[in-house]
1. Relative to a virtual label point 7 Å from the Cα of B:GLN79 in the Cα→beta-carbon direction, which members of region B:246-284 show backbone nitrogen distances below 15 Å?
2. Taking the 0 to 90 degree range and rounding to the nearest ten, how far is the long axis of helix A:169-181 tilted relative to the main principal axis of chain A, both from C-alpha atoms?
3. In degrees from 0 to 90, rounded to the nearest 10, what is the angle of the helix B:315-331 Cα long axis to the longest principal axis of chain B?
4. Suppose every Lys and Arg Cβ carries +1 and every Asp and Glu Cβ carries -1, with no other charges. What dipole size does the protein assembly as shown come out with about its Cα centre, to the nearest 20 debye?
5. When a/c is below 1.5 the answer is rounded, else prolate if a/b is larger than b/c, else oblate, so apply that to region B:214-326 with a ≥ b ≥ c taken from the square roots of the Cα gyration tensor eigenvalues.
6. Just to be sure I understand the model, the point goes 7 Å from the Cα along the line to the Cβ. What's the resulting B:ALA201 to B:ASP259 distance in nm?
7. Given 37 °C and 0.692 mPa s, compute D for region A:1-129 with the Stokes-Einstein relation, Rh being the Kirkwood radius over Cα pairs; round to the nearest whole µm²/s.
8. Would you mind computing Rg(Cα) / (2.2 N^0.38 Å) for region B:1-90, counting N as its residues?
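What follows draws every value from the coordinates through simple rules; no lab data is involved. This one's a predicted model, so the numbers in the text were calculated from it and none came from an experiment. Ideal geometry is used to build each Cβ from the backbone, glycine not excepted, and the neighbour counts take in all protein chains shown.
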Amino acid sequence: MADHIEIGRLLRSETTGFVFGCKLDQIDSPSFGALVRVRMDDHYQIFGLIYDIQVQDDGLVRQLITSDTLANEAWLDTRGNRTVPVEIGVLALGYMLDGQVSHLLPPRPPLSLDEIFLCTPAEIAAFTGAGRMGYLRHVLRDQDKPVEELLAAHLKQARDVQSAAGNPAWFEAALEEVIALLKDDYPTLMRVLGAVDELELARDRQSELNGRLG
Amino acid sequence: MPVNLVEIQKSLSSFADQAKTHFEQEAIYLRELEQVLTSYADPLDQIRSVVGREVDTNARLRCAVPTDEAINTAIPVGQLPERVALLAADGSQINPSRHARVPFCVINIGAVEMLRGSGQMPKVYQESQLLDYDRTTLPDTGLISEGRVALARDLAERQKLADWSAELPQPAIAMIDGPLELYRDVQQATEFERIAWQFQAVLEQFRRNNVFLLGYVDKPGSDLLVSLLEVIARQDKAFQSSFPKDRPVRVVDTALFKDILTAPGDRSAVFSVSSPTSGKFGNDQQVHFFFMNVGSEDFQHLARVEVPAWVAGDKANIALIQAALWDQTRIMGTKPYPYLLHRSHEVAVVSLDEHRRVEEMIVSEFLRHHIPVGSPSQKQAVKDLMQDGGK
């Protein structure tokens, strides 16, 4: 797999997700809703979705805010040299073992200081195109997270990749899967489709759904 | 409960009364000192000759000596040049402890370089030194004392500052937190003499490289100008009666400068120091100092800045240092302390976690070489238990 972009190292983890850290000057790479992977060994890697990006503060940052004339050099120093990490939360979506994608939760979480990489288009296409998109249920499970926005950001990224890979039908199938997963939770479904609509991705689907639900 | 707050409460009233009396005495003595200051602001030659006569009879005299500026002058801060190179260094240490599993000592030096006006990211320097086992464990006293470690740390801090600042573009300023001279603990007199020539070489290195070395003393408690005024007053009949040989109360220099350095950025006159050791490193390296108001219109805050004589000799150097410190303290907003000094402290400081990791590394190496490793003292073991959640 080409274009491996390392975006940070693991701080802490559990079965359903993990948090990794990167320096402030690395923050251009990871983005909300991006698919990432952790390579555990030659045979096993874990996939996840970035759901939260937190820029930590500390005493000095809080103090510098009070300055009327923050020097450029101090600004660069704080971002480039100081150990104030950006903490990035990732929702575990599945794993790949010996080349086979699974949308079940990973058997064991990643370990401290494991490297985190942004997924390449090929990796996104391989992970999202495998099986019956069962990984979407992990996104919808935790209502404490911004599920609608997260799903919309992910669907947009995956749709672009799948379309470029010659699979434009993927997006329709993904929306069908979301609708199926949320068939008993109309309010959430409406919020999800509203967020998707916000991206001008599925305006037609929502009106069609409104018709189906009467 | 570790402190009996009820007993403390009972003593508070008397404590506050004593403090009030103390402050009243201070205010009275301060007014006397201010009168001397006003009377003797200008006759600098006369003051220097008074000090000279006093030194002849009192070899232990330690006081300020005016240079060529009226002693009650206030000089406003000027413009910082377009570019100035700054480097600040700080040191910290892990002291050896007989309560630990292995005796070891680490000296950690951190520094941050800023090319102000360049728009470039500052550069961070860091060096950690595990002190030789033979220097840590001594035949006569056992473990090396904390005083000797502190002396070694202070020397290393200045040495690294000189090394790392050698290639700085001009004009260049190197700074440390605290006084310029190494702290002389009476118990470390022998050790101090042993490393004095090294310190002299470091001071010369700054001069050779034309890097303006300074020591920044925040919230200074010195009384060098007060001592000078007392010397002057005791030889002047108009003031003698108010200045007995033993002073009634201690007033610090900042109290005198409070009404002089009223504008933010102001600096005082530059003074040299007369003391038994002030000429030890040569006239060019003799410590000079000035006070500076690094506060704001609403909040005065005075710092003392020490520089060697060769820096103090040119007023343009002093103006550059004043402007640079003003700029550095502005970066920190409502807590006016030089940004780079704070950053170098951040880089240098050794956390408890790092302390433990170094100890574990040493223990592992000892075990690999079949060197016996002790256990922590029972006192330390019990303390560790408390830190882990004991009450």
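1. Hits in region B:246-284 for B:GLN79 at 15 Å: none.
2. 90
3. Between the helix axis and the principal axis of chain B, the angle is about 60 degrees.
4. Dipole of the protein assembly as shown, to the nearest 20 debye: 1100 debye.
5. Here region B:214-326 falls in the oblate category.
6. According to this spin-label approximation, the distance is 5.1 nm.
7. The estimated diffusion coefficient comes to 210 µm²/s.
8. 1.85
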